Amino acid sequence: MSAVIAELIRTGRLRKGLNQSELAEQAGVSRTTLHQIERGAVQEPRAKTLCKLASALDLPPEAMSPGPDAWQAFNRDTNPAVQSACDADPGRLSPGEWRDLAGTFGVGGPLTSDGVRQRLDRADDDREALRRLQVVLQTHLREPARQLIDALYQSVQVIPETTPSAKPQLHEPS
């Protein structure tokens, strides 16, 4: 339970572009307390402390509950531009893709409207590339295409995310 709360707070802090001292000051808790909670060293954080942190992160207090829907509620509450885009065009992505998009954030905070549009455009481009690949795989070019895909896949390293229901991130090897 404390690991989930710790990750919710840390992610919320990073989305707002705050360091621990800044969040602690805004929430009215000590930096040491915040540091201990984020490390997972506090097994049962006080409800009052969690409410203060939720308020400083502009979240409803129930977002700090470690239930199974906590991440979805947290992501929805901390990424309003994604929710607005979903409300405007819900069929553009599957529900799972909208959840994944809500779980991302830009530099220093939540995605902006422009950031959401860029991600949506990139998702559209990726879907079109996959559609074209499916066509190529049905032709005489199937084997060269598979070899190219295998070579490209081996040139990246898959690193799993630590957050629930997040997709693995790809990183170039160092």
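Values in this text are rule-based calculations from the coordinates and carry no lab data. Here the structure is a predicted model, which is why all the values come from computation and not from measurement. Cβ placement follows ideal geometry from the backbone for every residue including glycine, while neighbour counts extend to all protein chains displayed.
Using the 10 angstrom Cβ neighbour count as an exposure proxy, how do Asp126, Asp58, Asp100 rank, fewest first? Intermediate values should be presented prior to the final figure.
Values: Asp126 10, Asp58 14, Asp100 18.
Taking fewest neighbouring Cβ atoms as first place, the list is Asp126, Asp58, Asp100.
Compute the Cα gyration tensor for the range 2-68, then decide on rounded, prolate or oblate, letting a ≥ b ≥ c be the square roots of its eigenvalues: rounded whenever a/c is under 1.5, prolate when a/b is larger than b/c in the other cases, and oblate in all that remain. Numbers along the way, then the final one.
Working: a/c = 1.35, a/b = 1.16, b/c = 1.17.
Rounded.
Would you work out the relative contact order for the range 2-68, in percent, from Cα pairs under 8 angstrom that are 6 or more residues apart? Before the final figure, lay out the partial values.
Details: 62 pairs, mean separation 27.0, N = 67.
Result for the range 2-68 is 40 percent.
As a footprinting exposure proxy, order Ile149, Ile5 by other Cβ within 10 Å, with the fewest listed first.
Details: Ile149 12, Ile5 22.
Taking fewest neighbouring Cβ atoms as first place, the list is Ile149, Ile5.
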